[in-house]
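Presented below is the structure to which this report refers.
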Amino acid sequence: MPKSLHPLTFLSGYFDTVEVNSSFYAPPSAKNCAAWVRHVAANPRFKFTVKLWERFTHQRDAEPTPGEVRIFCEGIAPLADQNKLGAILVQFPFSFRRTPENRVWLARVIDLFAAYPLAIEIRHATWDRPEVHTAMAERGLAFCNIDQPIFSGSLKPTDRVTATVGYVRLHGRNHDDWFRADATRDDRYNYLYSPEELKPWIEKIERIRNQAAEIYVITNNHYRGQAVVNAFDIQHGLGKTGVVIPQHLIDEYPRLKHLFSQA
C-alpha cells in the first residue's frame, strides 16, 4: 500500500468494515478510536466492529468490576458517538459450553453491555439450540455464524439471524493446527479458501443479508493477506462491481485477476 496512506484509509477504499482485534487484549483508548474515525471519513458507509476485552469472555475467575466496564465503554465512545460502531463481538472460546454457570456469566456480560449492538460468538455446539436462538432474538442479540475447523462438539456452519445485525466470521479450516499446543497464530490462520469452499458461504450470506438490516462478514484467515483475497472473492460472489484490486495482490494471488474484469 502507499506509504503516504494510513492502513485504515487504504482498507476503507475497498471495504466497509474492519473488525478490531486489539481490543480483545486491552481496552482501546478514546484517542485512538477518534483517530480511526478520521482515517475512514472518506467512506460514509464504513463501520467498525470491536472485539470485547478478554476480561469479560476468557478471564472468568472473578466478576468484572464497574471500573473495567467503564474503561472499555469510555474507550469506544468515539465510535458509538459518531455512529461508526457496527457491533461489539462477544467472543467466547470453544471450551465455553452451555452449562448453568456459563449461562449466568453470559447473561451478566449481555446486561453489562446492553446499550450496544452485540454479536455473540459461541463456538461450542451445545449453544446451537432453539431456545438459545429464541432468547437471543428476544434480546436483539446477533448470533455469530462461523466457519471453523470441525471437531466433536464444534458449532457447524449456520446462517442464523436473531437481530437487526447479521454477523459471519470465517476462521479457516486448519484442523491439524487449531488446538496443537505449539502452533503459532500464523499456523492456525494460514488458510486460503477456494472459490468452491466459499460458494456455500456466499449463499448463506445472501440469505442473512435478506433478513438483516446490516451484515458484517469478517475473514479471519489473515496470514499473508489471505483474508483480503477471500474478502474480494466474497464481494465478487455477492455481485459487487467496479472493484479495482491492487496489482501487488494480483501478482501474489493470480487467481484474483479473473475477478471484477481485472484482465
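Of note:
- Comparing Cα centroids, the stretch 197-263 and the stretch 68-143 end up 27 angstrom apart.
- Considering only 114, 40, 230, the residue lying farthest towards the positive end of the dipole of the chain is 40, judged by Cα position with unit charges set on Cβ.
- Of the chymotrypsin sites (Phe, Trp or Tyr not before Pro) found in the stretch 95-192, those in coil by DSSP whose Cβ has at most 13 other Cβ atoms within 10 Å are 151, 179.
- Using a cut-off of 32 Å between Cα atoms, the listed pairs 3/257; 47/199; 31/204; 31/240; 204/257 include 31/204; 31/240 as exceeding that distance.
- Phi angles of the stretch 232-240 translate, via the Karplus equation with coefficients 6.51, -1.76, 1.60 and θ = phi - 60°, into HN-Hα couplings of 5, 4, 5, 4, 4, x, 8, x, 5 Hz per residue; Gly and Pro are given as x.
- In degrees, nearest ten, helix 30-39 long axis to first principal axis of the chain (Cα): 30 degrees
- Extension gain for the segment residue 104 to residue 63, taken as residue separation times 0.36 nm less the Cα-Cα distance, is 13.6 nm to one decimal.
- The alpha carbons of the chain give a radius of gyration and a Dmax of 18.4, 57 Å, in that order.
- Nearby aspartates and glutamates by direct alpha-carbon distance to residue 84 (threshold 16 angstrom, same-chain neighbours under 8 apart not counted): 16, 19, 74, 214
- For the chain, DSSP calls about 5 percent of its internal beta bridges antiparallel.
- The residues neighbouring residue 82, those whose beta-carbon lies less than 11 Å from its own, together hold a net charge of +2 under the Lys/Arg +1, Asp/Glu -1 convention.
- Estimated inter-spin distance, residue 248 and residue 197, nm [label 7 Å along Cα→Cβ]: 2.5 nm
- Per residue, the average separation of C-alpha pairs within less than 8 Å and at least 6 apart gives the stretch 7-261 a relative contact order of 13 percent.
- Angle between the chain longest axis and helix 100-112 axis [Cα atoms, degrees, rounded to 10]: 70 degrees
- Global form of the stretch 138-263, assessed from the alpha-carbon gyration tensor, a/c cut-off 1.5: oblate
- Expected 222 nm ellipticity per residue - DSSP helices of 4 or more, -39500 (n - 2.57), all of the chain, to 500: -10500 deg cm²/dmol
Every read-out reported here was derived from the displayed coordinates using simple, explicitly stated rules and does not represent laboratory data. Computed from a predicted model, the values in this text were never measured in an experiment. Using ideal geometry, Cβ is built from the backbone for each residue, glycine included, and neighbour counts are taken over all protein chains shown.
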